[in-house]
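Encoded as structure tokens, the structure appears first; notes follow it.
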Amino acid sequence: MDAKTLMNARHSVRQYENKPIPAEILAALEQEITVCNQEGSLHIQLVTNEPKAFDCFMAHYGKFSGAKNYLALVGPKGAGLDEKCGYYGERLVLKAQALGLNTCWVAMSYSKTPGAFRIDSGEKLTVVIALGYGKTQGVPHKSKPLSAVSNAGSNTPDWFQAGVEAALLAPTAMNQQKFTFTYADGKVSAKAGMGFYAKVDLGIAKYHFELGSNHKL
């Protein structure tokens, strides 16, 4: 599937089937994780068959069930970590979608399981991404109008509008969509708004923008 199809098809899923992920699909995910870690200087890890993370009060409150596989988005502490994890995490989310898996970004509805993944000195965990075979394919989220998140209009190129439309397909915490894309003098700037995990959301939206516009930020 092409990028636009993947972005339109992917929705958050919280209920998963008790179905193992085949070894070849796990290997393909691990390969993409390795590339993302090298490019982003991150320490993202795939955790499989570990149900304890989603067997806690907050996970049940968040209506998770059957989730036992996830990506732990870990990296060196620093001002740019959240955005970077959002960017490369969404790259992995769309890779998972292409491999026939469902996903859900998870900020607080999980608990850390000792020994499930490594956090080295100077690193921290930002969020996790649940993945597996969903009981459903999820449903599309509501989106803000282009004018609420950008200056796209008659004075901006078509590729810029296509990028913003793709960004509006991106998952964000509580569906806040608190990001802004601005086109001026042939260049695009992107800014996070105020809100929970807004910088993670900006990284996710930036990745979508690049795919939709075919322009690197």
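Inter-label distance, residue 194 to residue 112: 2.9 nm, where each label sits 7 Å from its Cα along the C-beta direction. If you take the alpha carbon atoms of segment 36-149 and fit the smallest convex hull around them, that volume is 136 Å³ per residue. Inter-label distance, residue 125 to residue 52: 1.1 nm, where each label sits 7 Å from its Cα along the C-beta direction. The string of couplings for segment 15-21 from the Karplus curve (6.51, -1.76, 1.60, θ = phi - 60°) is 10, 10, 6, 7, 9, x, 8 Hz, one whole number per residue in order, with x for Gly and Pro. Put simply, the amide H of residue 55, placed in the peptide plane, has neighbours under 5 Å in 111, leaving out anything fewer than 5 places away on its chain. Ordering 45, 5, 125 by the projection of their Cα atoms onto the charge dipole of the chain, which places +1 on the Cβ of Lys and Arg and -1 on the Cβ of Asp and Glu, puts 125 at the extreme positive end. Taken one residue at a time, the phi angles of segment 111-122 give Karplus couplings (6.51, -1.76, 1.60, θ = phi - 60°) of 10, 6, 9, x, x, 6, 8, 9, 10, 6, 4, x Hz. Gly and Pro are set to x. Within the chain, no helix built from a complete DSSP H run reaches 30 Å or longer along its own axis (Cα positions) while carrying a mean Kyte-Doolittle hydropathy of -1.0 or higher.
Partner aspartates and glutamates whose Cα lies under 16 Å from the Cα of residue 112, excluding those fewer than 8 positions away in the same chain, are identified as 50, 55, 120, 123. Over 24 Å apart at the Cα level, from the set 4/124; 84/191; 19/95; 4/144; 4/52; 19/84, are 4/124; 4/52; 19/84. Between segment 157-217 and segment 1-41, the C-alpha centres lie 21 angstrom from each other. Net charge in the neighbourhood of residue 211 (other residues with Cβ under 13 Å of its Cβ; Lys, Arg +1, Asp, Glu -1) is +2.
Checking [x] 75, 41, 30; [y] 58, 37, 34; [z] 52, 39, 33 against Cα extents along the principal axes in Å calculated from these atoms, the matching label is [z].
Laboratory data are not the source of any read-out in this text; all were calculated from the coordinates shown. Fair warning: this is a prediction, and the values are worked out from it, not measured in the lab. FYI the Cβ positions are ideal-geometry reconstructions off the backbone, even for glycines, and counts take in every protein chain you see.
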